[in-house]
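Reading through the structure tokens given below for one structure.
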Amino acid sequence: MNILVANLGSTSFKFRLFRFDGAGNAALVAKGGYERVTDYGKAIDDCLTELQAAGHVRSAADLHGVGFKTVLGRGVTGCVPADDRVIQALDGFREIAPAHNPPYALGIQRFREKLPAVPRVALFETAFYQWMPEAATRYAVPPAWHDAGVRRYGFHGASHKFVAERSAELLGREDIAERARRLYQAGPTPLAAGARPLRVISCHFGGSSSVTGIRDGVAIGTSMGLSPQSGLPQNNRVGDLDSAAVPFVMKTLNLPLAEVERQMTKEAGLLGLSGAGNDMRDVKAAAARGDARAQLAVEVFIHSARHWIGAMLVELGGCDALVFTAGIGENNPDLRAAICANLGELGIALDPVRNEALRGAEGEISAAGSRAKVLVIPANEELVVARETVRCLQAGR
Ligand code: ADP
């Protein structure tokens, strides 16, 4: 089975082609993409031409599905056929994810026009959070706000689900790995009587960052809320902020709402704090040169990461594995060490040598006596989209 995963930005189109064998094992066959895209229809044509020229597919008939990593939709989540209902759901929440929902709604329609016979599947980033306890999803807002959709949804679902599956495999818990793999088709299936619980804290630290608590393969809490603006400081987005700040700066700095929104989404986060850039490498380089703002930005990031790890530690009642994933989590031993500092009493201790040696690869970095395993698991979101697309198509047969 050939599955194309389409990653759509407002002016970009990236793709990966995965091939699944009969046993369900996936191989990445091709990847590519285009910037400054003004017409997704042309990008789809170019992609197909490229895949044909490289001999990966003979025609569109060789494509068995297209998977989309959609962000959030009004009234729809999970892994579902990317049909009119999904397009309407994306439109219904375009205000919450303005950079993501319109491109996906348009891209899905273009794929339908260009390749009508190739089934389309949407995997929502919110899907992993469908089973969070209601108390973890509720904001203390008037009912009309809640009814309009103001609640905690959670994001980075594909990444955290990969961590749920992979960490269970690495810890020898095939029962939990299988439970996590089947989650979107079967829901949280019963555990075998007497099975030990598996509590994982997954830290996706990258261009945007979130911490998710996972019990037995299912998310029970997360740092991201209504939108991907929330939680930790993001690259150039604000992260958590007291809601009183918005009317306050509108009145005292005389800023219109659109300008407040622009600053919160373009000039805040690591960039706003440091003034040195929105990439952690640039922020750290400035901090190493003695730039006080950049040093503080790194400290704020670490503080927020520890805050959310602490929240999940309590919600889970302990931790069997703490996992770092994505660009920052995989490549910055110094940040991992700072985030895990003084947590020995809570059962989390790093091995400094292992930690320092591990960059961009999978492995364990905890000390021999650490109660919790500390792991690095490289992010693999597109693979999750491809796998879930196959499962969705097979379940629909
Ligand atoms: P996204 O996909 O959201 O852009 P990534 O997972 O690629 O995010 O993470 C980007 C972040 O990861 C940047 O802040 C960058 O500094 C950091 N990062 C990526 N690669 C490295 C690296 N080799 N060393 C240090 N930091 C890195």
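In angstroms, what radius of gyration and Dmax does the stretch 263-341 have, counting Cα atoms only?
Reported Rg and Dmax, both Å: 13.7, 40.
Using only the Cα atoms of the stretch 240-397, build the gyration tensor, take square roots of its eigenvalues as a ≥ b ≥ c, and label the shape rounded, prolate or oblate: rounded if a/c is under 1.5, else prolate if a/b is larger than b/c, else oblate.
Oblate.
Sort largest first and round to whole Å: the equivalent ellipsoid semi-axes of the chain, each the square root of five times a Cα gyration tensor eigenvalue.
In descending order the semi-axes read 32, 27, 22 Å.
Quick one: pull the percent of accessible area on the stretch 225-305 belonging to carbon and sulfur, 1.4 Å probe, ligands and nucleic acids left out.
Roughly 58 percent, rounded to a whole number.
In the stretch 163-289, what is the volume of the convex hull around the alpha carbon atoms, normalised per residue and reported in Å³?
Hull volume normalised by residue count: 140 Å³.
Considering amide H positions built from the backbone, and no H for Pro or chain starts, which residues 5 or more places from LEU375, or on another chain, come under 5 Å of its amide H?
LEU322, VAL323, PHE324, ILE365
At a threshold of 8 angstrom on Cα-Cα distance, excluding pairs fewer than six apart, so keeping six or more, what relative contact order does the stretch 263-397 reach in percent?
Relative CO of the stretch 263-397 lands at 17 percent.
Assuming 0.36 nm per residue, please report the length gained on full extension of the stretch VAL246 to GLU113 beyond their Cα-Cα distance.
Gain in length upon complete extension: 43.7 nm.
Classify the stretch 109-233 from the C-alpha gyration tensor, please: rounded if a/c falls under 1.5, else prolate or oblate depending on whether a/b exceeds b/c.
Since a/c reaches 1.5 but b/c is at least a/b, the shape of the stretch 109-233 is classed as oblate.
Taking only protein heavy atoms into account and a 1.4 Å probe, give the accessible area per residue of the chain in Å².
Ligands and nucleic acids excluded, the figure is 45 Å² per residue.
Spin-label point model (7 Å from Cα, Cβ direction): what's the ASP334 to TYR34 distance in nm?
Those two pseudo-labels are separated by 4.1 nm.
What are the membrane-span-like helices in the chain by this rule: whole DSSP H runs, Cα extent along the axis at least 18 Å, mean Kyte-Doolittle hydropathy at least 0.5?
292-316
I want to check a number: in the chain, how many lysine pairs have alpha carbons closer than 16 Å, given a sequence separation of 8 or more or different chains?
6
The values are calculated or read from the model by the stated rules, or taken from the named source; none is laboratory data. It should be emphasised that the depicted structure is a prediction, and the values quoted were computed from it without experimental measurement. Note: ideal-geometry Cβ built from the backbone for every residue, glycine included; neighbour counts use all protein chains shown. Only protein heavy atoms, including side chains, enter the accessible area calculation; ligands, DNA and RNA are left aside. Shrake-Rupley method; radii C 1.70, N 1.55, O 1.52, S 1.80 Å.
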